[in-house]
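Undergrad: One structure follows; several queries about it will come next.
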Amino acid sequence: MKSIITAALLVICFALKAQDNITKNYYVSGYLKQMQTLLFFNEAYPDFQQGKLVDTFLQDNLIHSRLNFDWQMNDALHLRADLRTRIFYGDLVRATPDYGGLIDDVNNDYLDLSVVLLNENAWAIHSMLDRLYLEYINNNLEVRLGRQRINWGINTVWNPNDIFNAFAFTDFDYEERPGSDALRVKYYTGFASSIELAVRAFDDFDEATIAALWKFNKWTYDFQLLAGYTYQDIALGGGWAGNLGDAGFKGEFTYFLPLEDDKENAFTASLGVDYSFSNSIYAGLGYLYNSQGAINASVTNLFNFELSARNLYPYRHALFAQMSYPITPLLNSGAAFIYSPVDAHALFFNPSFTYSIKENWDIDLIGQLTFDKGKDEYRSPIQAAFMRLKWSF
């Protein structure tokens, strides 16, 4: 049944795209990307036969397509359905048993809106609806039901207020970010103020997320306060966004008070400052405090820790620095650093270059390099290089 629904949606989207002049109420957009990945492991790849970490090199490939389908049914009703399809092939797929099944488990929410079309040898094909919701708007009232992104975060990198669908900074190829199967009701009480209530679908109350958010403006700053229940925790938090002179200044925090004795209290907070210079250089600084983070773990934990608003990064402290600069009108450069002042002195370095080949065509070169203090010296256990070609429509 899921395969039939996916195929039917693809046919409908392509048909509507080819016949845009039939109706003004439909809109279809999307992209097609091809990305090649090179992964280098320095005593960091687990060899289960030898029972130790070894050096190795893996080459992987990803073809990633997205179709965004919008239907303005009338003045009050809006339907959105976004289909994400990915084709994985290469060494990493070959080396990971049941790769397609793992991808399917990670990406689904309460509803199963995905299908594994192929899962064998060095190939896996996965397709899913990561947005599927009906929205009702009447004056100051907005009601949205279905798979959606409930974006309560403020900061650029770490969002303690994002209790419904946290995301990882390292997952750069998912610009839209994850969604939740939920009901969200929002009422605007003024020009820059609103009250919002959201409930994520659940069977067991222990796995529920129910929360309210109040936004308001004061002293030229936008503030927000949230309160709710998430995975057996009472969550209390807030945030702000404004300016310090000409620089942007943002912050948010959430305190998690467990209702069960076997869990610890958790507190997560982040700050961010960014500034655009007159010579087109953009710079940003940030800090994260994560009470649940480790103080002596290897930097390889960056790619396998359990992500949530309760635990946004694998370390207790993290410092973030980012800079971007347009070298030419068609070529943009950037770099980001995340350093954790813990025992391992974990460092993540993320350089990037983007070149606009022509309208709607871009090519990216992206690096992800990790460094930490090993037994005897500073080392780089994992390095990754990505080349991505993207066509948008």
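Undergrad: Distance check, please: which entries in Lys33/Lys358; Lys218/Lys250; Lys215/Lys263; Lys263/Lys375; Lys215/Lys250; Lys52/Lys375 exceed 23 angstrom between their Cα atoms?
TA: Violating the 23 Å Cα-Cα cut-off are Lys215/Lys263; Lys263/Lys375.
Undergrad: Turning to a different aspect of this structure: Gly242: net charge of surrounding residues, Cβ under 14 Å, Lys/Arg +1, Asp/Glu -1, itself excluded?
TA: After counting each charged neighbour, the total is -1.
Undergrad: List the residues whose amide H sits under 5 Å from the amide H of Ala166, counting only those 5 or more places along or on another chain, with H placed 1.01 Å from N in the peptide plane.
TA: Close amide H contacts, sequence-distant or interchain: Ala309.
Undergrad: Would you please name the GluC sites (Glu not before Pro) within the range 249-350 that are DSSP coil residues with at most 15 other C-beta atoms within 10 Å of their C-beta?
TA: Hits after loop and neighbour filter: Glu260, Glu264, Glu306.
Undergrad: Set the Förster distance to 45 Å, then compute FRET efficiency between Thr328 and Asn25 from the Cβ-Cβ distance, nearest 0.05.
TA: Working from the Cβ atoms, E equals 0.65.
Undergrad: Measuring from a point 7 Å past the Cα of Asn138 along Cα-to-C-beta, which residues in the range 188-204 have an amide N at less than 15 Å?
TA: Counting only backbone N, you get 188.
Undergrad: Also, quick follow-up: Which whole-angstrom value gives the distance between the alpha carbon centres of the range 268-290 and the range 86-139?
TA: Distance between centres, Cα-based: 33 Å.
Undergrad: If the cut-off is 16 Å between C-alpha atoms, which aspartates and glutamates fall inside it for Lys186, apart from same-chain ones fewer than 8 positions away?
TA: Glu135, Glu142, Glu196
Undergrad: What Kirkwood hydrodynamic radius, in Å, does the range 22-80 give when the mean of 1/r is taken over all pairs of distinct Cα atoms and then inverted?
TA: Averaging 1/r across every pair of different Cα atoms and inverting gives 15.7 Å.
Undergrad: Another question, then. With a sphere of radius 12 Å drawn around the Cβ of Ala385, what net charge do the other residues whose Cβ falls strictly inside it have (Lys, Arg +1; Asp, Glu -1)?
TA: Net of charged neighbours comes to -1.
Undergrad: Net charge near Lys373: determine it from the other residues with C-beta under 12 Å of the C-beta of Lys373, scoring Lys and Arg +1 and Asp and Glu -1.
TA: Once all neighbours under 12 Å are counted, the net charge is -2.
Undergrad: While we're here: Give the calculated FRET efficiency between Gln36 and Ile295 to the nearest 0.05, with a Förster radius of 30 Å applied to their Cβ-Cβ distance.
TA: Efficiency for this residue pair is about 0.25.
Undergrad: What distance in nm lies between label points placed 7 Å from Cα along the C-beta direction at Asn265 and Asp206?
TA: Using points 7 Å along Cα→Cβ, the separation is 2.4 nm.
Undergrad: Efficiency by 1/(1 + (r/R0)^6): what FRET value for Leu79 and Tyr275, r their Cβ-Cβ distance, R0 = 56 Å, to the nearest 0.05?
TA: 0.90
Undergrad: Another question, if that's okay. With all distinct Cα pairs included, what does the Kirkwood hydrodynamic radius of the range 131-182 come out to in Å, to one decimal, could you say?
TA: After inverting the pairwise mean of 1/r, the radius is 12.3 Å.
Undergrad: Could you order peptides 362-374, 273-285 by the average number of other Cβ atoms within 10 Å of their residues, highest first?
TA: Those peptides, ordered most packed to least, come out 362-374, 273-285.
Undergrad: Can you tell me the equivalent ellipsoid semi-axes for the range 121-238? Use √(5λ) from the Cα gyration tensor, largest first, whole Å.
TA: Working through the eigenvalues yields semi-axes of 26, 17, 16 Å.
Undergrad: In nm, give the distance between the simple-model label positions of Ser356 and Gln50, each being 7 Å from the Cα along the Cα-to-Cβ direction.
TA: 4.8 nm
Undergrad: Under the rule of -39500 (n - 2.57) per DSSP H run of 4 or more residues, summed and divided by the residues of the chain, what mean residue ellipticity at 222 nm is obtained, to the nearest 500 deg cm²/dmol?
TA: -2500 deg cm²/dmol
Undergrad: Enumerate the aspartates and glutamates that Lys373 could reach by cross-link, defined here as Cα to Cα under 12 Å, with residues fewer than 8 away along the same chain left out.
TA: Asp343
Undergrad: Note down the Stokes-Einstein diffusion coefficient of the range 209-295 in µm²/s, whole number, using a Kirkwood radius over alpha carbon pairs, 37 °C, and 0.692 mPa s.
TA: The estimated diffusion coefficient comes to 221 µm²/s.
Undergrad: Using a Cα-Cα cut-off of under 14 Å, which aspartates and glutamates could be cross-linked to Lys390, ignoring same-chain neighbours fewer than 8 residues away?
TA: Within the straight-line cut-off, Lys390 pairs with Asp173, Glu175, Glu359, Asp362, Asp364.
Undergrad: Another question, if that's okay. Report the gain in length on full extension from Phe349 to Asn304: 0.36 nm times residue separation, minus Cα-Cα distance, nm rounded to one decimal.
TA: Net length gain for the segment: 14.5 nm.
Just so you know, all these numbers are worked out from the coordinates, no wet-lab data involved. Keep in mind that this is a model prediction, so the values were computed, not measured. All Cβ positions, glycine included, derive from the backbone under ideal geometry; neighbour counts span all protein chains shown.
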